[in-house]
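These notes concern the structure reproduced below.
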Amino acid sequence: MSATKELFGGSITTTLPTTLIDASNFRQVPDTQEVFISRDSGVSIIVEVLQSVDATELREAARCVVSSSWIQVQWVKPACLYVSLHFDALAHDNDAKTKQVNETTDVPNGSDGTTPDPVVLYGTQTVQKFNSQSADEVRILLALYRVLDRNIDLVMTMNVPMASADGGAVSEEDWNEAKAAFEIAAKSLRILDYGLFA
């Protein structure tokens, strides 16, 4: 079951599973983020307001096609480039041991231009947490909404642990449900008040 959630004081709305709880109810969350976590697993969704990334080198764009290898250089759409840069930044912040972009897709959201259409990335990161002996395999879904006239990248990220040392991993069936929920959230996200980005 899903419901519409107001984010950032109602400036943004999206549809999220009702099983997710607002992390700000029990821990501090930065003003630029909205964080929702699963009660039953390590799945989380984060919506974050960030400065737009700037990619100037062609080799950065090539990572959209060839992960971290620069053997093959191809022209890629700029949207793919920017979503991949956010994925790389997330991998850096997670101190990921490995990272792989599996797919990027333009997703029409049917908002008639009132909210930018997102570019959605699906990738995987291997992350070793809390000095654990084994690494977690985390599937990442990332939707990027570029608000160019405000120099803002609105990023929605879902982290889905498939193997986890702390027991928060989910099954393939749960992954498919999480992926479907993310697709609904990404398509339903609406920016109602652009004053949020002032």
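The values are calculated or read from the model by the stated rules, or taken from the named source; none is laboratory data. What you see is a predicted model, and the numbers here were worked out from it, not measured in a lab. All Cβ positions, even for glycine, are placed from backbone atoms using ideal geometry, and neighbour counts span all protein chains on display. The accessibility values were calculated without ligands, DNA or RNA, using every heavy atom of the protein model including side chains. Shrake-Rupley method; radii C 1.70, N 1.55, O 1.52, S 1.80 Å.
Surface composition of the stretch 2-193: carbon plus sulfur atoms contribute 47% of the solvent-accessible area (1.4 Å probe, protein chains only, all chains present). Most fluctuating residue of Asp106, Asp95, Asp31 in a GNM of the chain with Cα springs under 10 Å: which is it? Maximum fluctuation in the GNM of the chain, among the listed residues, is at Asp31. What the phi angles of the stretch 181-198 give under the Karplus curve with 6.51, -1.76 and 1.60, with θ = phi - 60°, is a coupling list of 5, 5, 4, 5, 4, 5, 6, 8, 4, 10, 8, 9, 9, 6, x, 4, 9, 6 Hz, glycine and proline written as x. Accessible area per residue for the chain is 52 Å², calculated with a 1.4 Å probe on protein heavy atoms, without ligands, DNA or RNA.
Per-residue SASA remark: Ile45, around 0 Å² accessible (1.4 Å probe; ligands, DNA and RNA not included). The helix-only estimate of mean residue ellipticity at 222 nm for the chain, built from DSSP H runs of length n ≥ 4 each weighted as -39500 (n - 2.57), is -7000 deg cm²/dmol after division by the residue total. Each peptide among 132-139, 80-87 gets the average number of other Cβ atoms lying within 10 Å of its residues, and from highest to lowest they stand as 80-87, 132-139. For the set Glu103, Glu34, solvent exposure ranked by accessible area (probe 1.4 Å, protein chains only) runs largest to smallest as Glu103, Glu34.
Simple rule: put +1 on each Lys or Arg Cβ and -1 on each Asp or Glu Cβ in the stretch 99-143, find the dipole, and look at Thr124, Val107, Leu141; the Cα lying farthest toward the positive end is Thr124. Which of Lys99/Lys129; Lys99/Lys179; Lys5/Lys129; Lys5/Lys179 have a Cα-Cα distance over 24 Å? In this structure, Lys5/Lys129 lie more than 24 Å apart at Cα.
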